[in-house]
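The values are calculated or read from the model by the stated rules, or taken from the named source; none is laboratory data. Every value quoted in this text rests on a predicted model; they were computed, and no experiment measured them. In this analysis, Cβ positions are derived from the backbone assuming ideal geometry, glycine residues included, and neighbour counts consider all displayed protein chains.
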Amino acid sequence: MFPDWRARWLAETLRLHEADEGRQDDARAVAVARTHPGDAEARICVRAREMASTGTWASAVDAAGVRARFAMGVLLVVGLVLGFGSAMAVLGDGGRPVNVVWALGGLLGVHMISLAVWGAGLLIRPTETGSVFGRAWLWLAERMSARGPQVHAWHALFSLHRGQALLRWWLGGVAHALWLALLCGAVIGLLVAFSLRGYGFVWETTILPAAVFEAWVGALGALPALVGVPIPDGEVVRASGGVALVDAEARRAWSAWLLGCVVAYGVLPRALLAVWCFTLLRSGRRRIRLDQGQPGYASLLERLTPASERIGVTDVAPETIATAHLGGLASLAAGAPVLVGVELNGEAPAEGQARAMEWPPTVPDEVHFAGALDTREQRRLFLAALSRAQPVRLLVACDPRLSPDRGTLSLIADLSRHAGECRVWLVAAATATDTERLGYWRDGLRELGLPPGAVFESMPEALEWLAGTPAEGRRHA
Amino acid sequence: MPEKTVVRPVRIAVVGHTNTGKTSLMRTLTRDTGFGEVSSRPSTTRHVEGARLIADGEVLVELFDTPGMEDPMALLEELESIRPEGVDRLDGPARVERFLNAPAARARFEQEAKVLRQLRASDAGLYVIDVRDPVLAKHRDELEVLGDCAVPLLPVLNFVRAPQTNESRWREALSRLGLHAIVRFDTVAPERDGERWLYEKLATLLDAWRPSLEKLLACRAREADARHRAAVLLVAELLIDVAAYRVRVMATGAGAVEAKVIELNTRVREREQHCVDALLELYRFRSTDVDADQLPLANGEWQEDLFNPESLRQLGIRFGTGAAAGAAAGAGVDLMVGGLTFGTATAIGALAGGGWQAVRQFGDRVLGSVTGQRQLAVDDGILRFLAVRQLHLLCALETRGHGAISPIHGLVDQVRQWREGALPAPLRKARAHREWSGVDGKAADGLERNRALEQLAELLATDAEAIRRAETR
């Protein structure tokens, strides 16, 4: 199933590669990845796969795999040889009898200690990666890689495994495999030596009673005995104290016991642990996910998985939008001038104080103040009253902090039809912080048919016009 | 057998009075800064335009931007005047259908008809409100008209971050109209969890699409987390790089040392700029973005200040060696006034004065005395300053640079650990690993460096969280 862990390895390698070399040209790869139906991670992998088909770095991933196996092979061979050699060294040339205690200790001692350390590490620091052999392999494999892409492939492998805490199984498995080679080498060495040389077996002591060795040999031999490996009986063990027996049967029993112990306590546990580690590694690799929080991926996500796509316009804009126009009775109107506010009821806290000084205003006696209009009912009643009164001048006060809309403008147009002349006063315009909206009011009113001169932005001017007193005269009075 | 889950994407219309920020909301939800046309001019959008929201390659939501309602009073009157003969009473949707088929829907009310048609075809509507506006009769009429479409409406309170709003009045008015699920969502500078609240509220109105909306939410949350982690990692890498950076210099001749100091300063500045660029790319900030100037980096002066003692003094950071007081005399630097600009004053003698103190003699004195070589490294104080500055930038970026982030001095309490005491352990470790530094080209990428990076990133994430909590309080 795509993406498998190899695909992720490729992607991770590319990420490290790009972190070093800069973003590669990926226009085509991104285009392909975006058509992939999967999630972000799958698309990252597709992008890497597509780019691998053109870039040279991709072969590094395969090369790294090959080299890893090669390094492993080298170490396995070295292990076999070393194991063989250690068996030879432990047994000697046959000139002297073999001390079984020292021989077993020499063959299994270090192995047992390292196994105990590994096991303890597993319990104490479950996430740390231990194992000297595993690290030796990594070191070797990395040194064998060419600089650049192959190192990236290595580091990629590393960071992927670290993310799932798989490094320990990985390195552990390698370590167990190497120990296995070493111990197999030892077994081969033992077999060869036992086949071609004659050895006598002894145990030695200064203070311990013979019974200790008898029990010890019996206990260690119990496990190999389960599969029929002969063990030296009590008689033979007792007789082997200090002087080697010449009896061929006894020698065969001792050599079988030695071999059986190395296999049962060396080869077998290492083989089982290696299988266990590699099984866990294999199943763990299925859980490997790319860390999308890495900067290299996070900056890709926008392009690979866009949050949205445009549908386009589904209902086109009308060519023209009906706008209202001012009308008027001109000279026919004779009623008293009227001041009315539009949508000035709702009190916005913003700039409220400044506005409160201007609205509601104190109007001259001759002016009729109609309050402010908000609801439909108010509008309807006022329009009816207006059509009866027919004022000479109508001043409509608006709140310039609101957005001018068609509804308000057409109301002004409706009102203007019942008056001799209609002008608009933008209340507290001077204190409005949103000068843009003020501009939109001016524009809207101009479209309505109100020239700039007919739009007041200060209270005195507006009220003077409404009262009909010439500005000069009022000022002197 | 459980009901089969809905596979079609949920259709949502964005409606509202003219000039309340419908297209801005579209842009924020689609992450598409080029969607439609946005201006403060009323009735900018006159058509219906859609966008699909995608999560993990799956289309989950279809959003439609509609023109603003402009004449709701007359429209309601028009609707109420529809009284066909022989029918006792029309319900809302029937009334709307009749209206949409009438000639008025193609003439005076063409814009409003588009809105109603789209809303009728949608599963829900987001009713965008500019809470700076007072609640007027026309708004109530508008909601009545929209309510006739018999589609769940979720009021979205926009511009809630404005200094003075009518939010409580709007809430009261909306609840009187039976709209109790309301969401605050500043379309230009949404709160961190704003989008989550919006979709969650929407899910309460649209139970059938809850799985879709939850999937979308989960995906967006995952993306945000990834981005945040990436940002923190970028900053951590910068700090590791700079902490590990060392330059060898022959101790003979002051001129040579001075030249090295200048070189080191330049390199560190370049490295920081690299980090800033990466952060900007990560958060998709382009210099052309309207809100780019809201960030705490105005221009080159951001760089100049790094080695300026005054910048550090203002944050209460002291140089590791030597007090900064002496050098600070000539450098009256106006650091990020109001969190917007950097240094209106020029950084006089930042290099000559601060630069000398900013780097200190480091490392192997014994070896140095033998070979005549010394090593220069970046001072602790500079590292601290870098950390605080980048954290500040990061928080500003996460809120798209808007409003709520206080100037860098305001961070003092949240970043105390960067001001006092020892440097964090990963940085101290980096000091001893010259090969970890990527300031001069490539860093040796290894297990240890990676671990230090992760640890430092975790630390920085905690700091960023603390800053954010303090900002939202």
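Quick notes on this structure:
- B:Gly194 more than 25 Å from B:Thr33 (Cβ to Cβ) and not hydroxyl-bearing (Ser, Thr, Tyr): no
- Some residue of segment A:398-415 being more than 20 Å from A:Pro460 (Cβ to Cβ), in the same structural domain as A:Gly444 (by TED's automatic domain parsing), surrounded by fewer than 18 Cβ atoms within 10 Å (Cβ to Cβ) and modelled with pLDDT under 85: no
- Filtering segment B:16-60 to residues that are among the β-branched types (Val, Ile, Thr) and facing chain A (nearest Cβ under 9 Å) leaves B:Thr18, B:Thr20, B:Thr30, B:Thr45, B:Val48, B:Ile54, B:Val59.
- Of all the numbered requirements in (1) away from chain A (no Cβ under 14 Å); (2) among the basic types (Lys, Arg); (3) buried (at least 19 other Cβ atoms within 10 Å of the Cβ), B:Arg196 misses one, and that requirement is (3).
- For B:Leu143, the conditions (1) more than 33 Å from the chain's Cα centre (by Cα); (2) in a helix (DSSP H, G or I) all hold with the exception of (1).
For (1) facing chain A (nearest Cβ under 8 Å); (2) crowded, with 19+ Cβ neighbours inside 10 Å; (3) without any contact (Cβ under 8 Å) to a residue 40 or more places away in the chain, each residue gets a yes or a no:
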| site | (1), (2), (3) |
| --- | --- |
| B:Pro190 | no, yes, no |
| B:Leu217 | no, yes, yes |
| B:Ala226 | yes, yes, yes |
| B:Ala230 | yes, yes, no |
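- Restricting segment A:438-457 to residues that are free of Cβ contacts under 8 Å to residues at least 24 places away in the same chain and within 25 Å of A:Pro360 (Cβ to Cβ) leaves a set whose member that is surrounded by the most Cβ atoms within 10 Å (Cβ to Cβ) is A:Arg442.
- Among (1) surrounded by fewer than 15 Cβ atoms within 10 Å (Cβ to Cβ); (2) modelled with pLDDT of 80 or more, the one test that B:Thr472 misses: (2)
- Pick from segment B:125-145, criterion touching a Leu at 6+ places or on another chain (Cβ under 8 Å) and of a type in the set (Val, Ile, Thr), ranking: nearest to the other protein chains (Cβ to nearest Cβ): B:Val131
- Taking the listed residues B:Glu62, B:Glu78, B:Glu49, B:Glu58, the one that is closer than 23 Å to A:Ala324 by Cα, modelled with pLDDT of 85 or more and in the same structural domain as B:Asp123 (by TED's automatic domain parsing) is B:Glu78, with no other qualifying.
Residue-wise test of (1) surrounded by fewer than 17 Cβ atoms within 10 Å (Cβ to Cβ); (2) in contact (Cβ under 8 Å) with a residue 12 or more places away in the chain.
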site: A:Arg238; (1), (2): yes, yes
site: A:Gly241; (1), (2): yes, yes
site: A:Ala244; (1), (2): no, yes
site: A:Arg251; (1), (2): no, yes
site: A:Gly266; (1), (2): no, yes
site: A:Thr279; (1), (2): yes, no
site: A:Ser283; (1), (2): yes, no
site: A:Arg289; (1), (2): yes, yes
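- Looking only at segment A:9-23, residues that are in contact with a helix residue (DSSP H, G or I) (Cβ under 7 Å, 6 or more places away or on another chain) and within 13 Å of A:Ser299 (Cβ to Cβ) come to 3 in all.
One line per residue, one yes/no per condition, for (1) charged (D, E, K, R); (2) at positive phi; (3) assigned to a loop (DSSP other than H, G, I, E, B); (4) at pLDDT 65 or above:
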position: B:Ser369; (1), (2), (3), (4): no, no, no, no
position: B:Phe385; (1), (2), (3), (4): no, no, no, yes
position: B:His392; (1), (2), (3), (4): no, no, no, yes
position: B:Gly401; (1), (2), (3), (4): no, yes, yes, no
position: B:Gly438; (1), (2), (3), (4): no, no, yes, yes
position: B:Ala443; (1), (2), (3), (4): no, no, yes, yes
position: B:Glu448; (1), (2), (3), (4): yes, no, no, yes
position: B:Ala452; (1), (2), (3), (4): no, no, no, yes
position: B:Ala457; (1), (2), (3), (4): no, no, no, yes
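- Matching residues in segment B:153-188 - criterion: being within 14 Å of chain A (Cβ to nearest Cβ), part of a helix (DSSP H, G or I) and surrounded by fewer than 18 Cβ atoms within 10 Å (Cβ to Cβ): B:Glu167, B:Ser168, B:Arg169, B:Glu172
- Scanning segment A:30-49 for residues that are away from chain B (no Cβ under 14 Å) and free of Cβ contacts under 8 Å to residues at least 24 places away in the same chain gives a single hit, A:Ala31.
- Residues of segment A:419-437 include at least one that is surrounded by 19 or more Cβ atoms within 10 Å (Cβ to Cβ), under 50 Å from the mean Cα position of the chain (by Cα) and in a loop (DSSP other than H, G, I, E, B).
- In segment B:110-124, of all residues being surrounded by fewer than 24 Cβ atoms within 10 Å (Cβ to Cβ) and closer than 25 Å to A:Glu377 by Cα, the one that is nearest to the other protein chains (Cβ to nearest Cβ) corresponds to B:Glu110.
- Complete set of residues in segment B:76-92 that are more than 14 Å from chain A (Cβ to nearest Cβ) and in contact with an Asp or Glu (Cβ under 7 Å, 6 or more places away or on another chain): B:Gly92
- The single condition among (1) within 9 Å of another protein chain (Cβ to nearest Cβ); (2) in contact with a Gly (Cβ under 6 Å, 6 or more places away or on another chain); (3) free of Cβ contacts under 8 Å to residues at least 60 places away in the same chain that B:Met73 does not meet is (3).
- Test: A:Gly85 is at pLDDT below 90 and either on the phi > 0 side of the Ramachandran plot or in a helix (DSSP H, G or I) (or both): no
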